[in-house]
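Peer 1: I'd like to ask some things about the structure below.
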Amino acid sequence: MKVKNIEILQDKIDREMFWRREEIIRLNIRANQPSENATILRAGYLLLYSSWKGFIRSIANLYVVFVFSRDISLHDLRDGFQAVYFQQSFSKVNNLPTSAQLQEFIREVHSKELERPKRKFVDTTGKRFINTDSNLNFQRLARIVSVLDLPLDFSLKKEWIDRDLLKVRNEIAHGERSDVDVEMFNETVSHVLEMMDLFSEGIMTAAEKKLYRR
């Protein structure tokens, strides 16, 4: 897969946003029906978190594909993108590597500095350029923002992401009784949509300003 220009990147992000936003809005409408009960709200909460996590993962990877589709050498990309490109090679030597293994890795890095990125994107667990892992907490979100050098700061959302969104989601997913009322559900919808908008805007700003270049 290639994302050849900014217009295609914007179109793919818009498509990703459209179907997820539509699903979230439908959930929100249903959650506010007088007949709905706590079970529906709890199930809907899981979907809200899944949509948030899936959106971040999807468009973060779209952005990396976009950057790697530019005619730019690895040397001219920011450190985060070089790290993403070499992460598979690095994973082979990151557990008590020998001097010979480190030397081989360094040689590989230097030998490819002037090459254009050619790694193929595979949208499966563990093989994506960017992975959100099992839980997209604030720390992992901040790490993604840092690696991609995005003009974003979610620090004001830290407590809400970790305590309200993720903690409640994990309690429900692990079979614990964590009650979700309509007010809480509506607030979560508002926060999730806001963060999705902010993240997509950050991606597009970085793409337009070429923040991926050294």
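The values are calculated or read from the model by the stated rules, or taken from the named source; none is laboratory data. Quick caveat: nothing in here was measured; it's all calculated off a predicted structure. A quick note on method: Cβ atoms are made from the backbone with ideal geometry, for glycine too, and the neighbour counts reach across all protein chains shown. Remember, those area values only see protein heavy atoms, side chains included, never the ligands or the DNA or RNA. Shrake-Rupley method; radii C 1.70, N 1.55, O 1.52, S 1.80 Å.
Peer 1: Open to solvent by 50 Å² or more (accessible area, probe 1.4 Å), under 14 Å from the mean Cα position of the chain (by Cα) and among the charged types (D, E, K, R), is that true of R140?
Peer 2: Values: open to solvent by 50 Å² or more (accessible area, probe 1.4 Å): yes; under 14 Å from the mean Cα position of the chain (by Cα): yes; among the charged types (D, E, K, R): yes.
So R140 passes the test.
Peer 1: Which one of D179, D149 is of a type outside the set (A, V, I, L, M), at positive phi and either surrounded by fewer than 18 Cβ atoms within 10 Å (Cβ to Cβ) or within 16 Å of the chain's Cα centre (by Cα) (or both)?
Peer 2: Being of a type outside the set (A, V, I, L, M), at positive phi and either surrounded by fewer than 18 Cβ atoms within 10 Å (Cβ to Cβ) or within 16 Å of the chain's Cα centre (by Cα) (or both) holds for just one of D179, D149, which is D149.
Peer 1: What number of residues within region 152-175 satisfy the criterion of being touching a residue at least 60 places away in the same chain (Cβ under 8 Å) and surrounded by 18 or more Cβ atoms within 10 Å (Cβ to Cβ)?
Peer 2: Final tally of qualifying residues: 5.
Peer 1: I would also like to ask the following. Would a scan of region 62-72 turn up a residue that is touching an Asp or Glu at 6+ places or on another chain (Cβ under 6 Å) and either at pLDDT 90 or above or part of a helix (DSSP H, G or I) (or both)?
Peer 2: No - not one qualifying residue is present in region 62-72.
Peer 1: For region 125-134, enumerate the residues that are open to solvent by 40 Å² or more (accessible area, probe 1.4 Å) and under 27 Å from T205 (Cα atoms).
Peer 2: Residues of region 125-134 open to solvent by 40 Å² or more (accessible area, probe 1.4 Å): 125-127, 131, 133-134.
Correct list: K127, N131, D133.
Peer 1: Just for helices (runs of 4 or more DSSP H) wholly inside region 114-214: which have at least 1 residues that are over 20 Å from N28 (Cβ atoms) and β-branched (V, I, T)? Working first, answer last.
Peer 2: Numbers: elements: 138-147, 167-173, 182-208.
Because the criterion is at least 1 residues that are over 20 Å from N28 (Cβ atoms) and β-branched (V, I, T), the helices (runs of 4 or more DSSP H) in region 114-214 that meet it are 138-147, 182-208.
Peer 1: Here are the criteria: (1) modelled with pLDDT of 95 or more; (2) under 18 Å from G54 (Cβ atoms). Tell me which single one N170 does not satisfy.
Peer 2: Just one mismatch for N170, condition (1).
Peer 1: Write out, first by first residue and then by second, each pair whose Cβ atoms fall under 7 Å of each other, whose residues are 6+ apart or on separate chains, and whose first residue, in region 125-144, is touching a residue at least 12 places away in the same chain (Cβ under 8 Å) while the second is among the small types (G, A, S) and part of a helix (DSSP H, G or I).
Peer 2: Hits for this filter: I130/A60; I144/A60.
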